[in-house]
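Everything below concerns the one structure shown next.
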Amino acid sequence: MAAACAACSGDATGVSPPEPLVVKIGTFLPKSGRSPLVDLAGVFSSEPLVGAAWDGRPAFRLAESLVESEDGRQLTVTLRSDVRFHNGNIITAPVVRDLLAKKISALPEIAGITALDDRRLQFSLHKASSVKPEDLSTMLVDSNDPERFGLRTGPFKVVSTEPMVLERFDGYYQGKPSVERVELREYPTHRAAWTGMMRREVNFLHEVSRDAIDFVEAGGDIRAYPLLRPFYTALVFGMRHPVLKRSEVRIAINEAIDRNELVRNAMRGHGRVAEGPFWPYHWAYPQGRFPVAFNPEAAKLRLDAAGLKVGARNPQQMPSRFAFTCLVLAGDDRFERIAQLTQRQLYAIGIDMTIEPLPIARLRPRLLSGDFDAFIFELSTGRILSWARQAWHSPGPGPRMFPVSGYSAADAAFDRLQVASTDEDVREALSDVMHVLRADPPAAFLVWPREARAADASLDIPYEMERDVFGALWRLKRAAPQITVRR
């Protein structure tokens, strides 16, 4: 009877099997037209052919190799032979081609994709050497059609969208994940997500607000995992504005902004000063060559020389040199705090910046159509160089992913960077772009945000300083129990 009871409760030793390891993630993200849970689920269930490593070098994922043709107009990708879709089928070039065909607009330099055989894809380019291997990190091999979620390859597979639930994919080519299930839950505010963590509704927070990072890092049963996000916050200028279109004015604005104060006061110390639109850890970035200077007196002299004197424009307004309106995302204090402090700094040199908060549904079309004097928002680098070109090169044909500012001064420099092939050429071209952006700035590049994930201390997550733990979540384990010795 004892043996029978032991068998019922676990195994012959009477030890019960461990409970399944489940990660319950609480998230708060500004809505952008669809539930943020869809994009978050893609982080765990989808992968690109090639990723971008921390230093911007290519990190091969579903691709085994990539070869550029002698004329630089074709890239031939060979797929790994051991990768399966979540439906159990081995990935093949024709299926991957069909999944990527609707996504090549993200890389307008790609003219087309051809499946040469079951394992080889060929990307045809409009211009020689215009697409680097790491640029393919912008395209995930997947479909957002729920009926085709089986055509994904990540460590977890989507099994439900309401609620959003993912289960371990035992056939994952990098090894069987240790986490059995991932549940995603959306909250209306950061505070509500934090409350959910306290109530044990979730055991992982997608993002900890800057106000709470110090509290979490102080210790206790919740651990913080800080990260430097590959997004920079910038004050972007619209070239339609009659004063902001003048380069000397934009240089003066850059001189008038104390970025260290933005990090210290607007970001609670959780950020890093931005020198430009390129990932600061990129292998080709010219470290230390382009420091930003805070010099409001020089800014005043520059504006005086430009004929922009402080004066009263009408009885209802404070005296100023000129005025412009800056758009920000309504209800997001990450940007509103930076905007308010920037507003104060600019007023100190006689510039009147009015802040206009807009909901994302109204903000996005304004930015994509160029209907703004200026705006403060974040832009992505993806840790690759090509996204800076898309953001600051004058628009080409096709859909637009980045705001249209009307800036074109750096077009030639970005074109040289795009086709640079050797490491030396890339470094030199990148420095050339930075020189142009400093002499004729399209924006005031302000800060890189440091944010944090948070997890219950019972979860043991592999972590490297400033890097996102999401990429290691599939290798998460239970933390070893803490043993207290009583004397």
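The values are calculated or read from the model by the stated rules, or taken from the named source; none is laboratory data. Treat the numbers as computed from the prediction; the structure is a model and nothing was measured. In this analysis, Cβ positions are derived from the backbone assuming ideal geometry, glycine residues included, and neighbour counts consider all displayed protein chains. In case anyone asks, the SASA skips ligands and DNA or RNA and just uses the protein heavy atoms, side chains included. Shrake-Rupley method; radii C 1.70, N 1.55, O 1.52, S 1.80 Å.
Values for this structure:
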{"read-out": "Two-site label geometry, residue 22 and residue 176: point separation in nm, points 7 Å out along Cα→Cβ", "value": "2.0"}
{"read-out": "Positive minus negative residues near residue 289 (Lys, Arg vs Asp, Glu; Cβ under 11 Å)", "value": "+1"}
{"read-out": "Spin-label pair residue 416/residue 295, simplified geometry with 7 Å Cα→Cβ offset, distance in nm", "value": "2.5"}
{"read-out": "Segment 157-290, relative contact order in percent, only Cα pairs under 8 angstrom and at least six apart counted", "value": "11"}
{"read-out": "Cβ charges +1 (Lys, Arg) and -1 (Asp, Glu), total dipole of the chain, debye", "value": "840"}
{"read-out": "Solvent-accessible area of residue 84 with every protein chain in place, 1.4 Å probe, in Å² to the nearest 10", "value": "100"}
{"read-out": "Cβ-placed point charges (K, R +1; D, E -1), dipole of segment 184-316 about Cα centre in debye, nearest 20", "value": "420"}
{"read-out": "Estimated translational D of the chain in µm²/s (Stokes, Kirkwood radius over Cα pairs; 20 °C; 1.002 mPa s)", "value": "86"}
{"read-out": "For segment 318-462: rounded, prolate or oblate by the Cα gyration tensor [a/c cutoff 1.5]", "value": "oblate"}
{"read-out": "Sequence-separation-based contact order of segment 413-487, relative, with Cα cut under 8 Å and 6+ spacing, percent", "value": "20"}
{"read-out": "Total formal charge among the other residues, if their Cβ is under 14 angstrom from that of residue 54, Lys/Arg +1 and Asp/Glu -1", "value": "-1"}
{"read-out": "Greater than 25 Å apart at Cα, pairs in 127/245; 103/176; 24/132; 102/176; 132/157; 157/477", "value": "127/245; 103/176; 24/132; 102/176; 132/157"}
{"read-out": "Solvent-accessible heavy-atom area per residue, rounded to whole Å², over the chain at 1.4 Å", "value": "46"}
{"read-out": "Gain upon complete extension [residue 65, residue 305; 0.36 nm per residue less C-alpha separation]", "value": "80.8 nm"}
{"read-out": "Stretch in the chain that is longest and holds no GluC sites (Glu not before Pro) that DSSP places in a loop and that have at most 15 other beta carbons within 10 Å", "value": "202-463"}
